[in-house]
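Undergrad: This is the structure I want to talk about, given as structure tokens.
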Amino acid sequence: MHELVSRLLEGDRRAAARIITLVENNGQEKEQLLSELFPHTGKAFVLGVTGSPGAGKSSLVDSLVTHYRQQSLTIGVIAVDPTSPFTGGAILGDRIRMQDHALDRGVFIRSMGTRGSLGGLARATKEAIKVLDAYGRDIILVETVGVGQSELDIMATADTTLVVLNPGTGDGIQTIKAGIMEIADIFVVNKCDRDGADKMAAEVESMLDLGHGQNPYWRPPVKKTSTIDGRGIPELVGAIIEHREFATASGDFAERRGQQLKAEVSEIVEDYLKKMLWSKVGANAEMAQLLKDASERKSDPYTIARRILEVF
Amino acid sequence: MEECKIRVLVAKPGLDGHDRGAKVIARALRDGGMEVIYTGLHQTPEQVVEAAIQEDVDVIGLSILSGAHMTIFPRVKQLLLENGADNIMLIGGGTMPEEDVQALILSGDAKALFTPGTSTEDIITWIRQSVYSGESA
Ligand code: B12
Ligand SMILES: Nc1nc2c(ncn2[C@@H]2O[C@H](COP(=O)(O)OP(=O)(O)O)[C@@H](O)[C@H]2O)c(=O)[nH]1
Ligand SMILES: [Mg+2]
């Protein structure tokens, strides 16, 4: 067994942190690490938190963590922020809102840049979840980038997903337009200390009257919260438990996890195939010639593609 | 396929409210292609070290303009050692007298310190060179 894996299983947080880095950097040991961790995963409950930038995702994660810690549950947090497409750099600032838990060994917080991935999470977010799952965390909260249009990854990753909206914004309409209605297992109208929370909640309810979500028997509840005075947090936690119970009883849970696993395997297979194929194509003289022909307009991409599929 | 991205924790320890420099540095390092974990104001040395461990950063950068550098740098260094995390490079900047800078470097409590007026280009170059040479060594 990899030394880091045994250290992680003994509860060494530095090993957990290091493994996430190696996985994120696509390091050589990645496969071995993840294979060895896999038998120890599947126990954690994964809670996704998405919504526009500034909606209060990080603050809400902080409030939920406080609540769960009072029940002595151990927590992992993965907070994703956008990587600049121009420089490859990123400022990861979600931790600022979670400082109360900085010294609590029951809370492990990790920030990630998207590093070019477009679905609201980083490529390695799913893997980081596994690392923290094997590390023995009871609940793993995942905060997405929150750019609105492209938050679908979280649905394929979390057991329960919260969509966070704010009063007095176009959030409601945006949600329908962006097609993220389907993502939400629970809607949160955060900043309910401000005017317009009831109106926003009613707006969401009437959208839900028109149809909702993935399961006709689960109508996403709409919960009003304030991370400033703590209002609505216990009710939100209650709704999360209800969804979890519903999803377990209805088989949704098992199905979601089954689909996630299938998607993961096919992703890995496709990745391998791609690499294998292109390394062969790259080394082939005929292909080089064909590509040259195409650039001189003597052949075309479709013809070449067909030829590649024939040969390999 | 391995991609190595330099990760830096930028923190403001203590009661010091001068956060302009820290923000300038955070942005500059991002534009230099690094991942910057910005933890904001009022950090204790314990919080800084714990965050650095969980985030598995290559570098901790402390911004101190309050005059408390002679106590904070040694404390953070000590905590890194106690936690077996002294592989993380400790650097910083802000207003500090030249003799203090020399003393902290000599004692090993800071690897490098950048006082007002240093160009962010120079800081980026220094971090890149130090992190990469540390890796190949
Ligand atoms: C702007 C300023 C303020 C602003 C701060 C606004 C803000 N949000 O940042 C305000 C008006 C609020 C302020 C208040 C005070 N200030 Co004032 N302030 C300054 C001033 C004029 C400029 C600081 C600045 O922003 N520079 C611009 C940035 C970009 O530069 P920088 O921070 O130095 O960063 C550069 C380098 O130092 C380095 N660097 C900095 N951090 C880091 C981190 C890393 C990782 C790296 C690699 C590099 C690096 O790189 C940067 C680029 O070169 C300085 C004097 C000076 N010239 O430095 C006094 C100064 C820092 N302030 C001072 C004082 C005393 C105060 C007050 C206590 C005044 C009072 N009595 O109320 C209060 C305290 C506030 C508080 N809560 O802490 C003193 C500190 C004395 C000391 N160290 O012993 C100074 C030095 C003025 C002086 N000569 O007396 N201040
Ligand atoms: N009034 C009010 N402000 C809030 C609430 N929750 C968060 N905020 C503020 O909203 C801003 C963005 O919060 P943050 O958690 O960083 O949002 P994120 O970008 O979605 O992670 C911050 O200034 C918070 O202080 C709330 O319940 N009420
Ligand atoms: Mg956030």
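Just so it is clear, none of the values below were taken in a lab; they were calculated from the coordinates. Small disclaimer: the values here were computed from a predicted structure and weren't measured. Cβ placement follows ideal geometry from the backbone for every residue including glycine, while neighbour counts extend to all protein chains displayed.
Undergrad: Name the one entry in A:Ile109, A:Ile91 that is within 16 Å of ligand 1 (Cβ to nearest atom), crowded, with 20+ Cβ neighbours inside 10 Å and in a strand (DSSP E or B).
TA: A:Ile91
Undergrad: Would you pick out the residues in the range B:79-116 that are in a loop (DSSP other than H, G, I, E, B) and hydrophobic (A, V, I, L, M, F, W, C)?
TA: Within the range B:79-116, B:Ala85, B:Ile88, B:Met96, B:Ala110 qualify.
Undergrad: Something else about it: Just checking, how many residues over the range A:19-33 are of a type outside the set (Val, Ile, Thr), assigned to a helix (DSSP H, G or I) and touching an Asp or Glu at 6+ places or on another chain (Cβ under 6 Å)?
TA: Of the residues in the range A:19-33, the ones of a type outside the set (Val, Ile, Thr) are A:22, A:24-33.
If we keep only those that are assigned to a helix (DSSP H, G or I) as well, we get A:22, A:24, A:30-33.
Now narrow it down to the ones that are touching an Asp or Glu at 6+ places or on another chain (Cβ under 6 Å): A:22.
Result for the range A:19-33: 1.
Undergrad: Another one. Can you name the residue in the range B:11-47 that is in a helix (DSSP H, G or I) and touching a helix residue (DSSP H, G or I) at 6+ places or on another chain (Cβ under 6 Å) and is also nearest to the other protein chains (Cβ to nearest Cβ) among such residues?
TA: Looking at the filtered set, the residue picked out is B:Ala28.
Undergrad: Could you please tell me which pairs satisfy a Cβ distance under 7 Å, a separation of 6+ or placement on different chains, a first residue in the range A:277-297 that is without any contact (Cβ under 8 Å) to a residue 12 or more places away in the chain, and a second residue that is part of a helix (DSSP H, G or I)?
TA: Partner pairs satisfying both residue conditions: A:Ala294/A:Pro301; A:Ala294/A:Ile304.
Undergrad: Right, here's the next one. Which is within 29 Å of B:Gly61 (Cα to Cα) and either within 16 Å of ligand 2 (Cβ to nearest atom) or buried (at least 22 other Cβ atoms within 10 Å of the Cβ) (or both), of A:Lys57, A:Lys30?
TA: Numbers: A:Lys30 fails: either within 16 Å of ligand 2 (Cβ to nearest atom) or buried (at least 22 other Cβ atoms within 10 Å of the Cβ) (or both).
Every option except A:Lys57 fails the conditions.
Undergrad: Would you pick out the residues in the range A:217-243 that are loosely packed, with under 15 Cβ neighbours inside 10 Å and either within 16 Å of ligand 3 (Cβ to nearest atom) or among the β-branched types (Val, Ile, Thr) (or both)?
TA: A:Ile228, A:Ile241 - these are the residues of the range A:217-243 that are loosely packed, with under 15 Cβ neighbours inside 10 Å and either within 16 Å of ligand 3 (Cβ to nearest atom) or among the β-branched types (Val, Ile, Thr) (or both).
Undergrad: Next up: Being more than 15 Å from ligand 3 (Cβ to nearest atom), in contact (Cβ under 8 Å) with a residue 24 or more places away in the chain, small (Gly, Ala, Ser) and out of contact with any Gly (no Cβ under 8 Å at 6 or more places or on another chain) is the filter here; which residues of the range A:79-115 pass it?
TA: A:Gly106
Undergrad: Another one. Return a yes/no flag: does the range B:57-65 have any residue that is facing chain A (nearest Cβ under 7 Å) and surrounded by fewer than 23 Cβ atoms within 10 Å (Cβ to Cβ).
TA: No, every residue in the range B:57-65 fails to be facing chain A (nearest Cβ under 7 Å) and surrounded by fewer than 23 Cβ atoms within 10 Å (Cβ to Cβ).
Undergrad: All but one of (1) surrounded by 16 or more Cβ atoms within 10 Å (Cβ to Cβ); (2) farther than 24 Å from A:Val189 by Cβ; (3) within 14 Å of another protein chain (Cβ to nearest Cβ); (4) within 19 Å of the chain's Cα centre (by Cα) hold for A:Ser84; which doesn't?
TA: The failed condition is (1).
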